[in-house]
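Down below is the structure, laid out as structure tokens.
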Amino acid sequence: MKKFYLILAAAAMTFSAGAQQVLTGQIAVGDYEGSTSMVEGSYFDAAPTNFYLAHTGSQMIYTADDLADFNGDKMNIQITKLTYRFYNEGFEEIVRDVKVYLQEIDATEFAVVDGKKQFFDFNATSPALEEEIYYDLLATYGEDGEMVFDLSSNPFSINAGSGLLVTAVFDAQDDSNTTYGTLVQFYSSGLRSRAMTFTNNTVSFLDYKDTEDFPDATATLGCGTSIELPVTLIDYTYEEAQTTSISDISVNNQDDGAYYNVMGQKLDGNNLPAGIYIHNGKKYIAK
């Protein structure tokens, strides 16, 4: 004989799934605020760009360890902004067509093939950022500044545990729109050889990508191949899934003498499997 146990004296139970709230986070790669070390050497040794020449391209690797905050508790991670800190030694008004490409990557360094370091291939048709940006260097000459890639209108989705490759392309509309001074990026020790650059006064990095010489980086192209990864801030959004809970069960006509399961479905009271049921407005356990 089926036994029923009264477990509550009343009313209704409703299902509620926890709402997923969009949260924000930020990762600092390197000592963003405290670093005093600046890139030294040739103008092509600085990522993500310099303004000494009209056309530059750079690639920067952020490893899964750098992005450890993207852990398994975070869902739907989207990168919304990249920020770089520099010291301004330029004194011109600079205009650049800027394109930024992001992709997941497992590599932690640039490959060497036949003694030549290799840029990574990337989908040049799908930039996360594509806009004309005006830089008034004269207004901030001799000061620290920030270069911001705002991706909020086209955020990049990334999976926890993945690394990130950022490709940044800067092109002047006028090849004479350059400056004798330049931007000097800040970096932290231990991040060397995590970036590569391309610089040229007539050829875009995107044009070079379409040649048979790509992905080789050679000195004749004005490439930096073992340079510092600049200190970086990575802003992102994410969601945390909340556990679905059961509070009160709501059923219609709960005093009609019928039995209802926790989904509110009406059942035959003479043939009930074990479980929790509502009968005449009360909760019962059937065993």
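How many of the residues in region 210-228 are more than 30 Å from TYR32 (Cβ to Cβ) and modelled with pLDDT of 90 or more? So that I can check it myself, show each step before the final result.
First, pick out the residues of region 210-228 that are more than 30 Å from TYR32 (Cβ to Cβ): 210-214, 216, 218-221.
Restricting the remaining residues to those that are modelled with pLDDT of 90 or more gives 210-214, 216.
Total meeting the criteria: 6.
Could you tell me which of the residues ASN88, ASN123 is among the polar types (S, T, N, Q), in contact (Cβ under 8 Å) with a residue 24 or more places away in the chain and assigned by TED's automatic domain parsing to the domain that holds GLN26?
Working: ASN123 fails: in contact (Cβ under 8 Å) with a residue 24 or more places away in the chain.
Exactly one residue qualifies, and that residue is ASN88.
Could you list all residues from region 103-131 that are part of a strand (DSSP E or B) and of a type in the set (A, V, I, L, M, F, W, C)?
Scanning region 103-131 gives ILE105, VAL112, VAL113, LEU129.
Does region 236-261 hold any residues that are part of a loop (DSSP other than H, G, I, E, B), surrounded by fewer than 16 Cβ atoms within 10 Å (Cβ to Cβ), modelled with pLDDT under 70 and within 45 Å of the chain's Cα centre (by Cα), and which are they? Talk me through it step by step, then tell me what you get.
First pass over region 236-261, keeping only residues part of a loop (DSSP other than H, G, I, E, B): 240-244, 250-258, 261.
Next cut, surrounded by fewer than 16 Cβ atoms within 10 Å (Cβ to Cβ) only: 240-244, 250, 252-253, 255-257.
Now narrow it down to the ones that are modelled with pLDDT under 70: 241-244, 250, 252-253, 255-256.
Matches in region 236-261: ALA241, GLN242, THR243, THR244, SER250.
Would you mind finding the one in GLU93, GLU89 that is among the acidic types (Asp, Glu) and either at pLDDT 95 or above or farther than 23 Å from SER226 by Cα (or both)? Spell out the reasoning first.
Working: GLU89 fails: either at pLDDT 95 or above or farther than 23 Å from SER226 by Cα (or both).
Being among the acidic types (Asp, Glu) and either at pLDDT 95 or above or farther than 23 Å from SER226 by Cα (or both) holds for just one of GLU93, GLU89, which is GLU93.
Across region 25-77, what is the number of residues that are crowded, with 20+ Cβ neighbours inside 10 Å, part of a strand (DSSP E or B) and among the aliphatic types (A, V, I, L, M)?
Qualifying residue count, region 25-77: 4.
For every residue, the table says whether it meets (1) in contact (Cβ under 8 Å) with a residue 12 or more places away in the chain; (2) buried (at least 19 other Cβ atoms within 10 Å of the Cβ).
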site	(1), (2)
ASP171	yes, yes
ASP175	yes, no
THR179	yes, yes
GLY190	no, no
MET196	yes, yes
THR199	yes, yes
ASP207	no, no
ASP213	no, no
THR218	yes, no
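Would you be able to say whether some residue in region 97-107 is crowded, with 20+ Cβ neighbours inside 10 Å and more than 28 Å from THR220 (Cβ to Cβ)?
Checking region 97-107: at least one residue is crowded, with 20+ Cβ neighbours inside 10 Å and more than 28 Å from THR220 (Cβ to Cβ).
Please state which of the following conditions ALA168 fails to meet, knowing it meets all the rest: (1) of a type in the set (Gly, Ala, Ser); (2) outside any loop (DSSP other than H, G, I, E, B); (3) modelled with pLDDT under 95; (4) within 24 Å of GLY222 (Cα to Cα).
(3)
The values are calculated or read from the model by the stated rules, or taken from the named source; none is laboratory data. The model shown is predicted, which means the values in this text are computed figures rather than measured ones. Please note: Cβ atoms are built from the backbone with ideal geometry, for glycine as well, and neighbour counts cover all protein chains shown.
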